[in-house]
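The values are calculated or read from the model by the stated rules, or taken from the named source; none is laboratory data. Computed from a predicted model, the values in this text were never measured in an experiment. Neighbour counts are summed over all protein chains in view; Cβ atoms, including those assigned to glycine, are modelled from backbone coordinates with ideal geometry.
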Amino acid sequence: MTNAESAIPASPMEIVDAMGIGFTLVFVIASVIAVWSAIERLVMLRRRRVIPRAFVERFMMNLRTGRMEKSEAISYCQQNRSPVADVFLHGVRKWGRPSAEIEQAVMDGGERQVSLLKKRLRVLNGVATVTPLIGLLGTVTGMIRAFNDIATTDAMGQAQQLAGGIAMALLTTATGLFIAIPALTAYMYLAGRIDSLVLEMDQLGVELVHLISGESLRERTAPTDSQAQVTPTSRKRNPVE
C-alpha cells in the first residue's frame, strides 16, 4: 500500500476523523431529521387518513338524497376529524347561505388543512438544500488545511500529501450530497402526493357548495311548493264540475 493510498480514509472511523467531529455531528443530525420527517409525513399523508372513502361516500350520498340536515352534518363531520371532514365542517356551518359565502368558508378550511399537510416538508427541503452547502464548506476548509500542511513541510512528498488532503476534503461534499439527494426525492414525492389530495378535496368542496347552498336548496324545494299550490286549486274546482 502506497503512502497516497494510506492517506485516503476507508473505514468509518477514518472518515469521521477526516471530516472532523463537528461536520460528522451535523450530518448525523441532518440525516435523522430527514428520515424522521419523511416517515412521519408518509404516515400522515395516507389517503385513507386524509380522505376516508367510507366517510366521504356516506356523507355525500346523504346530502344528495336530502337525508341529512345541518345539525346532523355538523355532528357527523366533528366525529370523523379527518382533514376533509374539517373542510366539510367549515362549509356545513354556512348551510343555506349564498354559494359564494359557503365557497369562501370551504376555501378557508382548505387553506388551513393544506398548511397542516405541508407541515415538516420545509424541513426536508431545508435538509436537501443546506447539507450540500455544509459539505462544500467542509471541502473548502479541508483544502485550506491541506495546502497549509504542504506549505509548512519540505517539498519532497508534496504530491502524495496533497492527494490525500484533497480526498479527505471531498468527503464532506460527498456526504452532503448523499444526504441531500434522498431528502430532495422524498420532498418531491410528498409534495406531489399533497397536490393530488388537495385537488381531490377541492373537487369535493365544489360539490358540497352546490348541495347545501341557499340557491340549490331553493331549487330543490321549488317543485314541492308548486305542487302544494296546485292541489288546493284542484280540490276547489271539483265540486263545481
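Could you list, in sequence order, the residues of the stretch 164-196 that are in contact with a Leu (Cβ under 7 Å, 6 or more places away or on another chain) and hydrophobic (A, V, I, L, M, F, W, C)? Correct list: Ala183, Ala186, Leu190, Ala191, Ile194. Condition check: among the basic types (Lys, Arg) and either over 30 Å from Ser196 (Cβ atoms) or without any contact (Cβ under 8 Å) to a residue 24 or more places away in the chain (or both). Does Arg120 satisfy that? For Arg120, the condition - among the basic types (Lys, Arg) and either over 30 Å from Ser196 (Cβ atoms) or without any contact (Cβ under 8 Å) to a residue 24 or more places away in the chain (or both) - is not met. For the stretch 208-241, taking the residues that are over 30 Å from Met44 (Cβ atoms) and either hydrophobic (A, V, I, L, M, F, W, C) or touching a Ser or Thr at 6+ places or on another chain (Cβ under 7 Å) (or both), the one that is modelled with the highest pLDDT is identified as Ser213.
Under the condition of being of a type in the set (S, T, N, Q) and free of Cβ contacts under 8 Å to residues at least 24 places away in the same chain, the residues counted in the stretch 31-77 number 4.
Within the bounds of the stretch 58-69, is there any residue that is of a type in the set (A, V, I, L, M) and over 20 Å from Ser216 (Cβ atoms)? Scanning the stretch 58-69, I find no residue that is of a type in the set (A, V, I, L, M) and over 20 Å from Ser216 (Cβ atoms), so the answer is no. Within the option set Met44, Met60, being buried (at least 16 other Cβ atoms within 10 Å of the Cβ) and among the hydrophobic types (A, V, I, L, M, F, W, C) holds for one residue only, Met60.
Of Gly205, Gly192, all but one fail to be at pLDDT 90 or above, assigned to a helix (DSSP H, G or I) and closer than 17 Å to Glu103 by Cβ; the exception is Gly205. The residues listed here are Val26, Val106, Val123, Val84; of these, the one that is β-branched (Val, Ile, Thr), more than 24 Å from the chain's Cα centre (by Cα), closer than 30 Å to Tyr189 by Cα and in a helix (DSSP H, G or I) is Val26.
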